[in-house]
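Before any comments, here is the structure.
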Amino acid sequence: MHKVIILGTGPAGFTAAIYAARANLNPLVIEGDQPGGQLTMTTEVENFPGFPDGIMGPELMDNMRRQAERFGAAFVNGQVTSVDLAQRSFRVVVDDSKEYLAESIIISTGASAKKLGIPGEVEMMGHGVSACATCDGFFFQGKSVLVVGGGDSAMEEATFLTKFASEVTIVHRRSELRASKVMQDRARRNPKIKWLLNVTPVEVATDGSKVSGLVVKDNQTGEVRTIPADGIFVAIGHTPNTGFLANQVEIDDRGYILTKGQSTATSVEGVFACGDVMDPHYRQAITAAGSGCKAALDAERFLESNTVPAQTQIIV
Ligand code: NAP
């Protein structure tokens, strides 16, 4: 049995692993379906303290991983498909096949990009539809793209895409944006960015093999029309990755794990949560890393006063 199992490998999970490993808890870390998390899909990170010249997202995550390994954290490749938190020891099932037991668990499974849920969106993913401008923007040199969303992510993605695309249009379902003033102003000042407000995306238009535009409905007139485009970037927020918990831990109405007071303790004693999976508000790499540190310290203190009889790992 493991003293602590950490679920997920973004900044929160890696930081929890570094602290837990340095506390001699020999953490087992389940990597998840996107090892390194969302930062592996970004280019330069300019605001992580300690890197005055910036650092590439994948490099930052690789550094964190090596730092955790250096102190003895072990990694398992795979995705947590279910857990059983009814009693300690807790059970963690990976890829529906491997089972691990733990005295405590740190959940740092992050959040995933939301989908519009319109026809053609999933089918055209990678063929003109993308959820990550920093990953795919390069492929749209000199082309016209749409960015769907009215929040900070949409402003950021649209501004970034103007480096490549000839024209970027922000498509939003309301006439008012949700984005912060500074991000809005930056996008508004950019001459390459155009605006299409108060429309609802209906369907991804295709020529059979790739995206040719987006079918939208005008919310005032009801008119349905196709906006021609080579690419569509969906930037409408994120959903916390908590489905595998099957409501065994208290979550809010959006699925974010609820933690107690200033701590990372969840509704289940011995289970802690950190990073984007419990933070709908700040969602920064540095705040995730900070909460990962807190989770490891909380788990360490919990384990000092709560032990369960030793059992061995079971492979099913
Ligand atoms: P968000 O603030 O939740 O905004 C999501 C946007 O997508 C909203 O405008 C929303 O419309 C729209 N939307 C949601 N579901 C939709 C659907 N089914 N169809 C069409 N439109 C839909 O998410 P976010 O922009 O990812 O930002 C999340 C958090 O990260 C925020 O706190 C933000 O400040 C932060 N962030 C900060 C930065 C930065 O400072 N550099 C960059 C990115 C994100 P409505 O407005 O109508 O609800």
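The values are calculated or read from the model by the stated rules, or taken from the named source; none is laboratory data. This is a predicted model, so every value here is computed, not measured. All Cβ positions, glycine included, derive from the backbone under ideal geometry; neighbour counts span all protein chains shown. We work out accessible area using only protein heavy atoms, side chains counted, and drop any ligands, DNA or RNA first. Shrake-Rupley method; radii C 1.70, N 1.55, O 1.52, S 1.80 Å.
Inspect all residues belonging to the stretch 77-86 and state whether any of them is buried (at least 24 other Cβ atoms within 10 Å of the Cβ), over 17 Å from the mean Cα position of the chain (by Cα), among the polar types (S, T, N, Q) and away from the ligand (no atom under 16 Å from the Cβ).
no
If only one of Leu101, Leu116 is surrounded by fewer than 24 Cβ atoms within 10 Å (Cβ to Cβ), at pLDDT 95 or above, more than 16 Å from the ligand (Cβ to nearest atom) and outside any helix (DSSP H, G or I), which one is it?
Working: Leu116 fails: more than 16 Å from the ligand (Cβ to nearest atom).
Just a single option satisfies the conditions, and that option is Leu101.
Residue check, His127 against (1) under 21 Å from the mean Cα position of the chain (by Cα); (2) outside any strand (DSSP E or B); (3) surrounded by fewer than 21 Cβ atoms within 10 Å (Cβ to Cβ); (4) not acidic (Asp, Glu), all met but one. Which one?
Of the numbered conditions (1) under 21 Å from the mean Cα position of the chain (by Cα); (2) outside any strand (DSSP E or B); (3) surrounded by fewer than 21 Cβ atoms within 10 Å (Cβ to Cβ); (4) not acidic (Asp, Glu), the odd one out for His127 is (1).
For the stretch 150-174, enumerate the residues that are within 10 Å of the ligand (Cβ to nearest atom) and over 24 Å from the mean Cα position of the chain (by Cα).
Of everything in the stretch 150-174, just one residue is within 10 Å of the ligand (Cβ to nearest atom) and over 24 Å from the mean Cα position of the chain (by Cα), namely Arg174.
Pairs only if they're at least six apart or on different chains, beta carbon under 8 angstrom, first in the stretch 130-153 and assigned by TED's automatic domain parsing to the domain that holds Glu167 and over 16 Å from Val211 (Cβ atoms), second more than 11 Å from the ligand (Cβ to nearest atom) and not in a helix (DSSP H, G or I); list them, first residue then second.
Thr134/Thr43; Phe138/Phe164
Being at positive phi, at pLDDT 95 or above and open to solvent by 50 Å² or more (accessible area, probe 1.4 Å) is the requirement here; does Asp95 meet it?
Working: at positive phi: yes; at pLDDT 95 or above: yes; open to solvent by 50 Å² or more (accessible area, probe 1.4 Å): yes.
Taking the combined requirement at face value, the residue satisfies it.
Tally time: how many residues in the stretch 158-187 are open to solvent by 30 Å² or more (accessible area, probe 1.4 Å) and outside any loop (DSSP other than H, G, I, E, B)? It would help to see each step written out before you state the result.
As a first pass, look at the stretch 158-187 and keep what is open to solvent by 30 Å² or more (accessible area, probe 1.4 Å): 159-160, 163-164, 166-167, 173-176, 178, 180-186.
After this cut, where a residue has to be outside any loop (DSSP other than H, G, I, E, B) as well, the list is 159-160, 167, 181-186.
Counting residues in the stretch 158-187 that are open to solvent by 30 Å² or more (accessible area, probe 1.4 Å) and outside any loop (DSSP other than H, G, I, E, B) gives 9.
Scan Gly243, Gly290 and give me the residue that is open to solvent by less than 50 Å² (accessible area, probe 1.4 Å) and in the same structural domain as Pro11 (by TED's automatic domain parsing).
Values: Gly243 fails: open to solvent by less than 50 Å² (accessible area, probe 1.4 Å).
Sole residue among the options that is open to solvent by less than 50 Å² (accessible area, probe 1.4 Å) and in the same structural domain as Pro11 (by TED's automatic domain parsing): Gly290.
The conditions are (1) part of a helix (DSSP H, G or I); (2) open to solvent by less than 20 Å² (accessible area, probe 1.4 Å); (3) not polar (S, T, N, Q), and Pro58 fails exactly one of them. Which is it?
(2)
Being away from the ligand (no atom under 15 Å from the Cβ), more than 27 Å from the chain's Cα centre (by Cα) and surrounded by fewer than 21 Cβ atoms within 10 Å (Cβ to Cβ) is the requirement here; does Lys217 meet it?
On the way: away from the ligand (no atom under 15 Å from the Cβ): no; more than 27 Å from the chain's Cα centre (by Cα): yes; surrounded by fewer than 21 Cβ atoms within 10 Å (Cβ to Cβ): yes.
Taking the combined requirement at face value, the residue does not satisfy it.
Name the pairs whose Cβ atoms lie under 8 Å apart, with the first residue in the stretch 154-171 and acidic (Asp, Glu), the second buried (at least 19 other Cβ atoms within 10 Å of the Cβ) and modelled with pLDDT of 95 or more, and 6 or more positions between them or separate chains?
Glu156/Ala235; Glu157/Val147; Glu157/Gly149; Glu157/Phe233; Glu157/Ala235; Glu167/Val145
So Val147 clears everything in (1) assigned to a strand (DSSP E or B); (2) more than 11 Å from the ligand (Cβ to nearest atom); (3) touching a helix residue (DSSP H, G or I) at 6+ places or on another chain (Cβ under 7 Å) except one condition, right? Which one?
(2)
Only one of Arg178, Arg225 is within 13 Å of the ligand (Cβ to nearest atom) and more than 21 Å from Met125 (Cα to Cα); which? Before the answer, list the steps.
Details: Arg225 fails: within 13 Å of the ligand (Cβ to nearest atom).
Unique residue meeting the criteria: Arg178.
Per-residue answers, yes or no, for (1) surrounded by fewer than 23 Cβ atoms within 10 Å (Cβ to Cβ); (2) more than 18 Å from the chain's Cα centre (by Cα); (3) outside the structural domain of Ala133 (by TED's automatic domain parsing); (4) within 25 Å of Ser82 (Cα to Cα):
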{"residue": "Leu7", "(1), (2), (3), (4)": "no, no, yes, yes"}
{"residue": "Gly10", "(1), (2), (3), (4)": "no, no, yes, yes"}
{"residue": "Ala20", "(1), (2), (3), (4)": "no, yes, yes, yes"}
{"residue": "Asn26", "(1), (2), (3), (4)": "yes, yes, yes, yes"}
{"residue": "Ile30", "(1), (2), (3), (4)": "no, no, yes, yes"}
{"residue": "Asp33", "(1), (2), (3), (4)": "yes, no, yes, yes"}
{"residue": "Met41", "(1), (2), (3), (4)": "yes, no, yes, no"}
{"residue": "Glu46", "(1), (2), (3), (4)": "yes, yes, yes, no"}
{"residue": "Gly50", "(1), (2), (3), (4)": "yes, yes, yes, no"}
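Would you mind finding the one in Thr206, Thr266 that is touching a strand residue (DSSP E or B) at 6+ places or on another chain (Cβ under 7 Å), in contact (Cβ under 8 Å) with a residue 24 or more places away in the chain and closer than 21 Å to Gln79 by Cβ? Walk me through it before giving the result.
Details: Thr206 fails: closer than 21 Å to Gln79 by Cβ.
It is Thr266.
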